[in-house]
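*Asks:* Here you go, one structure.
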There are 2 protein chains.
Amino acid sequence: MASQPKDVGILAMDIYFPPTSVQQEALEAHDGASKGKYTIGLGQDCMAFCTEVEDVISMSLTAVTSLLEKYKIDPKQIGRLEVGSETVIDKSKSIKTFLMQLFEECGNTDIEGVDSTNACYGGTAALFNCVNWVESNSWDGRYGLVVCTDSAVYAEGPARPTGGAAAITMLIGPDAPVVFESKLRGSHMSHVYDFYKPDLASEYPVVDGKLSQTCYLMALDSCYKRFCEKFEKLEGSSFSISDADYFVFHSPYNKLVQKSFARLYFDDFLRNSSSFVDEVAREKLAPYLSLSGDESYQSRDLEKATQQVAKQLYDAKVQPSTLIPKQVGNMYTASLYAAFSSLLHNKNSSLAGKRVVMFSYGSGLTATMFSFQLREGQYPFSLSNIATVMDVSGKLKSRHEFTPENFIQTLKLMEHRYGAKDFVTSKDSSLLSPGTYYLTQVDSLYRRFYAKKSG
Amino acid sequence: MASQPKDVGILAMDIYFPPTSVQQEALEAHDGASKGKYTIGLGQDCMAFCTEVEDVISMSLTAVTSLLEKYKIDPKQIGRLEVGSETVIDKSKSIKTFLMQLFEECGNTDIEGVDSTNACYGGTAALFNCVNWVESNSWDGRYGLVVCTDSAVYAEGPARPTGGAAAITMLIGPDAPVVFESKLRGSHMSHVYDFYKPDLASEYPVVDGKLSQTCYLMALDSCYKRFCEKFEKLEGSSFSISDADYFVFHSPYNKLVQKSFARLYFDDFLRNSSSFVDEVAREKLAPYLSLSGDESYQSRDLEKATQQVAKQLYDAKVQPSTLIPKQVGNMYTASLYAAFSSLLHNKNSSLAGKRVVMFSYGSGLTATMFSFQLREGQYPFSLSNIATVMDVSGKLKSRHEFTPENFIQTLKLMEHRYGAKDFVTSKDSSLLSPGTYYLTQVDSLYRRFYAKKSG
C-alpha cells in the first residue's frame, strides 16, 4: 500500500502549441486598427491557431505522448488522467477517453478521471483534483496526469486577436519540485454572464469584454483577500506582494496581466500592508483612496497610476511569466500553466526556494489564487530538466508565420468544420514537427481519426 | 486547522425528478410496439421528463435548495460544490456557476469545484473529487456537495423510451453513514463510440445501442476483475458476490441491470470462487465454459441461463435498488445514485453493517466499480433520516401522467428550445411542487432566468 505522500505537486511538464501563427502587428494593419492596438493595447505579440489538421484532441495526444516519452514514464504508471478544456467537440464523450488510446496500447485501462469544465478554469480544477487524489485514501501510488487543452477562436471583431491554442501536460505526484502550499488557497465563484458559449452550433463564444475584465479584477481582489487571510491565520503575519517571488496570472491578453498585478499593488496600498510602497507611490495613489470598489475598476487614471508605480515590481515578479502567453495568445485552460512554463523557461536555474502565487480565472465565473513552493528536485523531475524538455525557445523559433489573409481563410474553413461530419482533411502535416498528431478524417458517424507524423 | 477526517462519505442525500411522466405501457401501445417491449424487454415502468419550464439547471437549483433546507445546512458550511452532467446548455459556463446564486445570497463565494463531464459517469467523478478533497491537505473543514443532474431525451425511435430526468444531491464529509471503502476500486476506461453527442446543435445523442450494451458488460467484467484483485490483496481472501449485501448498477434500463448481475454471477462461476453456485447452476452454465469473451457477450442462451440461476440472488441483492430507475427512467449521471436512493428507501432500517457494491458506467467510455460500508449514523446524517427526507414514495405518488401524444408534443417543443434564445416560457408551474425552480425566460443574449414556486 502507498505510504503517506509528501510534497505533492508538479513533477514534470510539457507544452505543445500549433506551429501555425500570425503576427499581431500584421493583423493590426490588416484589420485597419490603429497602430499598437493589439501589440500595446492588448500587449500581444503573436497568436497561434489550429489549422484544419489540428484540434484540442490532436494537441493533447501530442502533448501527452511527448511528456511520457521525454521523461521516460511507463504509461502503466499513470493512475489518474484529468483533462481541463472548454473547447467542446463532443458534449458527452470526454477528451480523456480519446487519450485512453495511448494507454490501452500497453494494457492500462485502470485510469480514473474525466474532463473538468468551466471556461479557462477547467485546467486548475483538473490539477486540484489530481493533487487531491494523490493525497487521498484512494491513491494507489501511481502518478496523476493533467492535461489542459484549448483552441480559442473568436468571431470577426475586437475579440478575434485575443485567440490562441495550446495543450499543456503536467505529471502529478509526491516529492515534486513544484509543491502546492495546500492551505493557502482563496477562491471566488459567482454566477455571471461575462463570457459563455450558449450558441452550441458555433465554436465562438458570446463575450462582454468590458464586463469580463471587471469580473476578472473583482475576482482577483476577492481571491487575494482570502489568500491573505489564510496566510495570516497560518503564518501569524500579514501577506503582501513582497512575500512572493513571482505572480503568475491567467492571461487572456497581456494588458490584463499588467492591470492585475497593479491591482494587487493597489490592494496592498489600501490595506497599508506593504513597506515597499514608498512616499512617491503613496502620493500618486492617494487621490484614489476614496474611490468605491466599482469606481476603482473603471478608473483609467487609477489604472495608469498603479501600473506606473508597480512597474519595477512587475518587471521582476511578473514579466518572466509572460513570454508564451504574449507569443501564443490566450490558451484558455492552458494559459495560466503556459505562463508558469514561461517562468520555468526564463528563470529555471534560480527558482529553488522561491514562492510563486498563481491566479486562475474562468468566466462564468470561477477563480482561485493559490501558491507553489519551488525546489530544484531530482532529475528527471527537476526544474532545469522541465525547462530543457519544454524547449520553449526551440518551439517558438520553429513556427510558421501565416499572413492575416491566410489566418482568416483558415478560420472560415474551421467554421464549416466545427460540429461537421463526413469529411477528410488535407492530411497535410508538412508544417508539423515529427511526433505531432493530426486529424485525418471525420466519418459519417462523426467519428474522428488521427495520425501521428513520423520521424 | 481541520483534523484528519475519518470515514469520509455521503452524509445526506436528496433527489428531485420532474412530476411530469409517461407510462411505458401507454408508450408501447402508442408506438405500435409489441406488448411488453418496453415494460419487459427494457424492464421499465414509467419515464419522467422535463417540460419547457424545467431543465438541468432548474432541477439542480431545486435539489440543492431542498437538501440545504431539509438537513438545516448553512450554505456557508459548503466548501466545495461539484456537478456531474452530460446535458450541455452552455459549453463553457458550468452548471456549478448557476448554483452559486444560492450561496452568493448569504455571502459564500469561496466554494471550489466545477462540472465533471463524461456521459453518465460525470456524477461519480464529481463524487470521487469531493471525497478526495475532504481527505486532502487542502480541505478546510467544510462540507462538499455533489450534484448529478441530467435530462435524457432521444430522437424518435427505439431509444426514446430509455429517457428520463432527475437531479440528485449528496453532502460529503467525515463520519458519514455511507463510507467509501477507498482501496476497493476498479476502473476501466477506453476510447469507444458507443453513445456520444457530436451533433452540437441537437440535444439528442448518437447511439449504437448494441455496441453500448456490450461495452457496458465488458467494462463491468474488467472493473469486477480489478475490484476482486484489490479485495484479495487487501483482505487476503477471494471476493465473490456473496461478500456484498447489495449491488447497485448504473441503469440505462432495468433489463441491462438484470443482465449485469447475471454477468457477475457468471464471472464468479468462471473464477470458481463462489460456493453459492450449486450443482444445478453448475450444470446449467457448464455448456458456456468454452465461449470466448466476445461470444459470451452475444449469447442469448447464456444470458437466459445466468439470469435464471442468479434470479434469487438478484431479488435479494439488486432488486431493492431498482425502484426509481424503473419509475423515472435513465437519469444519466443521477441514475446510479437514484438506484442507491431506492435501496435506502426500501431497506433503510436494516442497512447498518452492510456492504454495497456500486457500478458506474459512462459511454465513451469510463467505468468504475467501488463500494460503501453502511452505518446507521447520527441524525440528521442517518440512513433512516435520509430515507425520510428523500420521500421517494411521496414524490412518485404525486406525479402527473401525460399521454404519449402530450409527451411527444413536449419533446417537439423542446427540440426548438434547445440552444435557442429570446423566448419566454409559459411560466406554468401548476404541476410543480412548492419550492421547485422553473425556467421563465431566455433573453436575446441567451441569459437564462429562473423563478421559485412559492408555497
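Read-outs: derived from the displayed coordinates by stated rules, not from any lab. Values in this document were obtained by computation on a predicted structure and should not be read as measured data. Virtual Cβ from ideal backbone geometry, glycine too; neighbours counted across all protein chains shown.
*Asks:* Looking only at other chains, what is the average number of their beta-carbon atoms within 10 angstrom of each beta-carbon in B:121-129?
*Replies:* Counting other chains' Cβ atoms within 10 Å and averaging over B:121-129 gives 5.
*Asks:* Separate question: Taking N as the number of residues in region B:88-230, what is its Cα Rg relative to 2.2 N^0.38 Å? Show your work: numbers first, answer last.
*Replies:* Details: Rg = 17.8 Å, N = 143, 2.2 N^0.38 = 14.5 Å.
Normalised Cα radius of gyration, region B:88-230: 1.22.
*Asks:* Within 10 Å of each Cβ of A:197-207, how many other protein chain Cβ atoms are there on average?
*Replies:* Average per residue, whole number: 6.
*Asks:* In the calculated pair distance distribution of the protein assembly as shown, what percentage of Cα-Cα distances lie above 52 Å?
*Replies:* Across the protein assembly as shown, Cα pairs with separations above 52 Å total 13 percent.
*Asks:* To continue, here is another question. At 7 angstrom along the Cα-to-beta-carbon line, where would the label on A:ILE408 sit relative to the other copies? Give the distances in nm, shortest first.
*Replies:* Relative to the other copies, A:ILE408 has label-point distances of 4.9 nm.
*Asks:* Among the GluC sites (Glu not before Pro) in region B:69-113, which ones are in a DSSP loop with at most 16 other Cβ atoms within 10 Å of the Cβ? Mind listing them?
*Replies:* B:GLU105
*Asks:* Over region B:31-157, what relative contact order in percent results from Cα pairs under 8 Å that are six or more residues apart? Spell out each step's value before the answer.
*Replies:* Numbers: 161 pairs, mean separation 41.8, N = 127.
With pairs under 8 Å counted, the relative contact order is 33 percent.
*Asks:* Moving on. Classify region A:231-335 as rounded, prolate or oblate, taking a ≥ b ≥ c as the square roots of the eigenvalues of its Cα gyration tensor: rounded when a/c is under 1.5, otherwise prolate if a/b is larger than b/c and oblate if not.
*Replies:* Cα axes put region A:231-335 in the oblate bin.
*Asks:* Moving on. My understanding is that a pair violates if its Cα-Cα distance is over 25 Å; which of B:LYS183/B:LYS354; A:LYS70/B:LYS230; A:LYS93/B:LYS397; A:LYS197/A:LYS304; B:LYS72/B:LYS93 do that in this structure?
*Replies:* Check vs 25 Å cut-off fails for A:LYS70/B:LYS230; A:LYS93/B:LYS397; A:LYS197/A:LYS304; B:LYS72/B:LYS93.
*Asks:* When only alpha-carbon atoms count, how far does region A:1-151 stretch along each of its three principal axes, as whole angstroms with the largest first?
*Replies:* 63, 31, 31
*Asks:* Further, regarding this structure: Tell me which aspartates and glutamates have Cα within less than 14 Å of B:LYS347's Cα, excluding those fewer than 8 residues away on the same chain?
*Replies:* B:ASP245, B:ASP315, B:GLU376, B:ASP391
*Asks:* Between copies, how close do the A:LYS210 label points come, placed 7 Å along Cα→Cβ, listed in nm from shortest?
*Replies:* In nanometres, ordered from closest: 5.9.
*Asks:* While we're on this one: For region A:151-204, what size does the Cα cloud have along each of its three principal axes, sorted from largest down, in whole Å?
*Replies:* 46, 27, 21
*Asks:* Extent of chain A along each principal axis, from alpha carbon coordinates, in Å, largest to smallest?
*Replies:* 65, 61, 39
*Asks:* So what is the 222 nm mean residue ellipticity for chain A from helices alone, if each DSSP H run of at least 4 adds -39500 (n - 2.57) and you divide by all residues, rounding to the nearest 500 deg cm²/dmol? Walk me through the numbers on the way to the answer.
*Replies:* Values: 14 runs with 170 residues, N = 455.
It lands at -11500 deg cm²/dmol.
*Asks:* Follow-up. Got the relative contact order for region A:72-120 handy, in percent, Cα pairs under 8 Å and 6 or more residues apart?
*Replies:* Details: 55 pairs, mean separation 27.6, N = 49.
The value is 56 percent.
*Asks:* Given C-alpha coordinates of region A:362-421, what is the ratio Rg to Rh with the Kirkwood estimate of Rh?
*Replies:* For region A:362-421, the value is 1.20.
*Asks:* Can you give the longest stretch of chain B with no exposed loop site, where a site means trypsin sites (Lys or Arg not before Pro) in a DSSP loop (not H, G, I, E or B) with at most 16 other C-beta atoms within 10 Å?
*Replies:* Result, exposed sites excluded: B:73-353.
*Asks:* What nm distance separates the two modelled labels at B:LYS311 and B:THR214, each placed 7 Å from Cα along Cα→Cβ?
*Replies:* Once both label points are built, they end up 2.9 nm from each other.
*Asks:* Distance check, please: which entries in A:LYS326/A:LYS453; B:LYS91/B:LYS453; A:LYS96/B:LYS259; A:LYS225/A:LYS311 exceed 25 angstrom between their Cα atoms?
*Replies:* On the way: A:LYS326/A:LYS453 28 Å; B:LYS91/B:LYS453 28 Å; A:LYS96/B:LYS259 28 Å; A:LYS225/A:LYS311 22 Å.
Result: A:LYS326/A:LYS453; B:LYS91/B:LYS453; A:LYS96/B:LYS259 exceed 25 Å.
*Asks:* Can you return the aspartates and glutamates within cross-link range of B:LYS395? Criterion is Cα-Cα under 12 Å, with same-chain partners fewer than 8 residues away left out.
*Replies:* B:ASP14
*Asks:* Let me ask you something else. So what is the relative contact order of chain A, in percent, for Cα pairs below 8 Å that sit 6 or more residues apart?
*Replies:* Value for chain A: 24 percent.
*Asks:* Wrap a convex hull around the Cα atoms of region B:282-361, take a quarter of its surface area, and give that in square nanometres. It would help to have the intermediate numbers written out before the result.
*Replies:* Values: hull surface 27.4 nm².
Average projection, Cα convex hull of region B:282-361: 6.9 nm².
*Asks:* If eta is 1.567 mPa s and T is 4 °C, what Stokes-Einstein diffusion coefficient results for region A:57-110, Kirkwood Rh from Cα pairs, in µm²/s?
*Replies:* Numbers: Rh = 11.8 Å.
This corresponds to a translational diffusion coefficient of 110 µm²/s.
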